[in-house]
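> Here it is: the structure, laid out below.
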Amino acid sequence: MEAYLDNSATTRCLEQVTDLMVRVMREDYGNPSSLHTKGVEAERHIRAAREFFAGSLKVNEKEIYFTSGGTESNNLAVLGTALANQRAGKHLITTAIEHPSVQNPLKHLESQGFRVTCLPVDRAGVVSLEALREALCDETILVSVMHVNNEIGSVQPLEEIAGLLKARERKPLFHVDAIQSYGKYRIYPKKTGIDLLSISGHKIHGPKGTGVLYVNEKAKIRPVIFGGEQQKGLRSGTENVPGIAGIAEAAKACYEGLDEKIDRMYQLKERFVSGVRALDGTTVNGPEGRAGAPHIVSVSFEGVRSEVLLHALEEQGIYASAGSACSSNKPAVSRTLQSIQLKKELLGSTLRFSFSFETGEEEIDHCLRELERLLPMLRRYVRR
């Protein structure tokens with residue numbers, strides 16, 4: 001049987017999502033900027049999607065922008081706000097466990113004369129609020145923190161972070177990478193104090209190449225893509241109407257019966273963690289139980305290289321990940337695992353298993369049975 005346990009890398013597109021996208025491509029194919037009926041029909045899908053995302057976040061529709069995915073949303077948030085606010089200061093703050101789509105724009109800004117402070121995290125992957133308090137200064141213009149870490153499932157204290165920023169005489173903008181949390185948590189930016197928030201379609205059973213960025217109407221931000229002035233000029237380019245319709249349809253499905261979906265994912269997580277801990281030489285990384293995200297489990301397997309175990313599981317129809325999918329094709333040690341001070345000998349022996357509301361108990365059990373069978377065999381092979 002097949003067990004797809006790599007939902008943090010990407011999710012299966014829901015049938016109703018693909019059906020809607022095909023219909024839009026075949027029937028409502030007009031350019032949404034066109035003034036004729038075909039354009040109006042296409043633009044209607046964008047308006048409906050914007051209305052849904054604004055409602056799910058409890059923000060204004062004019063604060064919702066559609067992008068090509070989480071990477072673009074993060075880049076626009078980081079680069080656009082830094083460039084727009086640099087006269088007020090050139091200090092940016094982030095954490096040691098951010099996704100490359102935040103880390104790398106910040107590196108670029110450093111090369112342009114900005115100063116970046118990278119905050120440490122504890123062994124559970126949670127940022128130090130005291131370190132944030134000490135790092136904040138009058139030159140700080142942006143703090144960028146991911147809500148849920150994509151490798152170990154740690155959850156950052158967004159309200160406490162926002163509270164520290166709000167207490168400043170000159171409040172820095174607060175960007176949240178919610179790519180692994182939207183669709184698993186209820187997130188209300190205005191209530192929390194978030195100024196910018198990034199969403200990705202293919203993490204929530206929507207199409208790849210789709211994303212959303214919430215931008216508080218009071219936040220100063222510049223475009224990084226220039227063109228025909230679509231989306232008030234902040235994100236030019238003809239809108240991906242089928243993709244926008246698809247990401248909204250997927251988000252609706254995620255938030256329908258959300259509490260039940262979350263509980264079920266936590267049950268799957270507890271079932272998996274309990275089974276893994278019963279095996280010899282395993283370490284579960286990150287926060288315990290419901291202190292972490294409902295869908296991500298990081299496990300280190302003593303004495304077995306992650307790539308070897310990954311492919312051994314694949315041969316049994318089990319799909320997991322050796323880390324962030326955006327960098328898994330590069331032989332680099334995970335910064336997240338280093339940041340939580342994982343033992344050096346386990347850095348190259350760690351896999352991530354991630355679930356969705358579609359994951360079945362039989363998939364969990366199949367994986368656990370194969371781990372129990374494969375681990376002793378692979379360890380004997382290594383010792384030779």
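> Within the range 26-43, is even one residue surrounded by 22 or more Cβ atoms within 10 Å (Cβ to Cβ) and either closer than 30 Å to A293 by Cβ or in contact with a Lys or Arg (Cβ under 9 Å, 6 or more places away or on another chain) (or both)?
Looking through the range 26-43, none of the residues is surrounded by 22 or more Cβ atoms within 10 Å (Cβ to Cβ) and either closer than 30 Å to A293 by Cβ or in contact with a Lys or Arg (Cβ under 9 Å, 6 or more places away or on another chain) (or both).
> What residue, among those in the range 48-59 that are touching a residue at least 12 places away in the same chain (Cβ under 8 Å) and either surrounded by 13 or more Cβ atoms within 10 Å (Cβ to Cβ) or out of contact with any Lys or Arg (no Cβ under 7 Å at 6 or more places or on another chain) (or both), is farthest from L213 (Cα to Cα)?
So the residue we want is A48.
> Is there a residue in the range 23-40 that is at pLDDT 95 or above, within 24 Å of the chain's Cα centre (by Cα) and aliphatic (A, V, I, L, M)?
no
> Pairs needed: first member in the range 170-189, aromatic (F, W, Y); second member anywhere, modelled with pLDDT of 95 or more and in a strand (DSSP E or B); C-beta distance under 7 Å; at least 6 residues apart or different chains.
F174/V143; Y182/I199
> Tell me which residues, restricted to the range 227-260, are out of contact with any helix residue (DSSP H, G or I) (no Cβ under 7 Å at 6 or more places or on another chain), within 30 Å of P287 (Cα to Cα) and not hydrophobic (A, V, I, L, M, F, W, C).
Within the range 227-260, E256, G257, D259, E260 meet the criteria.
> Quick check on E130: is it under 20 Å from P105 (Cβ atoms) and either part of a strand (DSSP E or B) or at pLDDT 95 or above (or both)?
Answer is no for this residue.
> Then there is this: Within the range 78-99, identify whether any single residue is of a type in the set (D, E, K, R), within 30 Å of E358 (Cα to Cα), part of a helix (DSSP H, G or I) and touching a residue at least 24 places away in the same chain (Cβ under 8 Å), and answer yes or no.
Scanning the range 78-99, I find no residue that is of a type in the set (D, E, K, R), within 30 Å of E358 (Cα to Cα), part of a helix (DSSP H, G or I) and touching a residue at least 24 places away in the same chain (Cβ under 8 Å), so the answer is no.
> Can you tell me which of T18, T10, T81 is buried (at least 19 other Cβ atoms within 10 Å of the Cβ), of a type in the set (S, T, N, Q) and under 24 Å from the mean Cα position of the chain (by Cα)?
Result: T81 is the single residue among T18, T10, T81 that is buried (at least 19 other Cβ atoms within 10 Å of the Cβ), of a type in the set (S, T, N, Q) and under 24 Å from the mean Cα position of the chain (by Cα).
> Then there is this: Given the criteria under 18 Å from the mean Cα position of the chain (by Cα), farther than 17 Å from L164 by Cβ and at pLDDT 95 or above, does L106 qualify?
It is true that L106 is under 18 Å from the mean Cα position of the chain (by Cα), farther than 17 Å from L164 by Cβ and at pLDDT 95 or above.
> In addition: If you take the residues in the range 104-127 that are part of a loop (DSSP other than H, G, I, E, B) and farther than 20 Å from E139 by Cβ, which one is most open to solvent (accessible area, probe 1.4 Å)?
Of everything passing the filter in the range 104-127, R123 is most open to solvent (accessible area, probe 1.4 Å).
> Can you give me the ranges of the helices (runs of 4 or more DSSP H) entirely in the range 295-384 with at least 3 residues that are at pLDDT below 95 and among the hydrophobic types (A, V, I, L, M, F, W, C)?
Ranges flagged: 361-383.
> Out of all the residues in the range 175-191, which are open to solvent by less than 30 Å² (accessible area, probe 1.4 Å) and touching a helix residue (DSSP H, G or I) at 6+ places or on another chain (Cβ under 7 Å)?
Scanning the range 175-191 gives H175, V176, D177, I179, Q180, G183, K184, I187, P189.
> If the requirement is being closer than 30 Å to K343 by Cβ, under 20 Å from the mean Cα position of the chain (by Cα) and of a type in the set (D, E), which of these qualifies: E98, E72?
E98
> Find the residue count for the range 149-174, including only residues that are of a type in the set (S, T, Y) and open to solvent by 10 Å² or more (accessible area, probe 1.4 Å).
So the answer is 0.
> Pairs only if they're at least six apart or on different chains, beta carbon under 8 angstrom, first in the range 124-140 and free of Cβ contacts under 8 Å to residues at least 12 places away in the same chain, second open to solvent by 20 Å² or more (accessible area, probe 1.4 Å) and of a type outside the set (K, R); list them, first residue then second.
S128/P120; S128/D122
> When residues of the range 133-145 are filtered for being open to solvent by 40 Å² or more (accessible area, probe 1.4 Å) and assigned to a helix (DSSP H, G or I), how many remain?
Residues that pass the stated criteria total 2.
> Scanning the range 212-247 for residues that are among the hydroxyl-bearing types (S, T, Y) and touching a residue at least 40 places away in the same chain (Cβ under 8 Å), which turns out most open to solvent (accessible area, probe 1.4 Å)?
Only one residue fits best here, namely T238.
> Can you find a residue that is loosely packed, with under 14 Cβ neighbours inside 10 Å and either modelled with pLDDT of 95 or more or charged (D, E, K, R) (or both) anywhere in the range 85-103?
Among the residues of the range 85-103, at least one is loosely packed, with under 14 Cβ neighbours inside 10 Å and either modelled with pLDDT of 95 or more or charged (D, E, K, R) (or both), which makes the answer yes.
> Residues of the range 347-375 being over 24 Å from the mean Cα position of the chain (by Cα) and surrounded by 13 or more Cβ atoms within 10 Å (Cβ to Cβ), which ones?
Within the range 347-375, D365, H366, C367, L368, R369, E370, L371, E372, L374, L375 meet the criteria.
> Also, I was wondering about something else. Please go through (1) among the aliphatic types (A, V, I, L, M); (2) without any contact (Cβ under 8 Å) to a residue 40 or more places away in the chain; (3) assigned to a loop (DSSP other than H, G, I, E, B) for A9 and return the number of the only condition it doesn't satisfy.
(2)
The values are calculated or read from the model by the stated rules, or taken from the named source; none is laboratory data. Keep in mind that what you see is a predicted model, and the values were worked out from it rather than measured. Glycine also receives a Cβ, built like all others from the backbone with ideal geometry; neighbour counts cover every protein chain displayed. All accessible areas refer to the heavy atoms of the entire protein, side chains included, with ligands and DNA or RNA removed. Shrake-Rupley method; radii C 1.70, N 1.55, O 1.52, S 1.80 Å.
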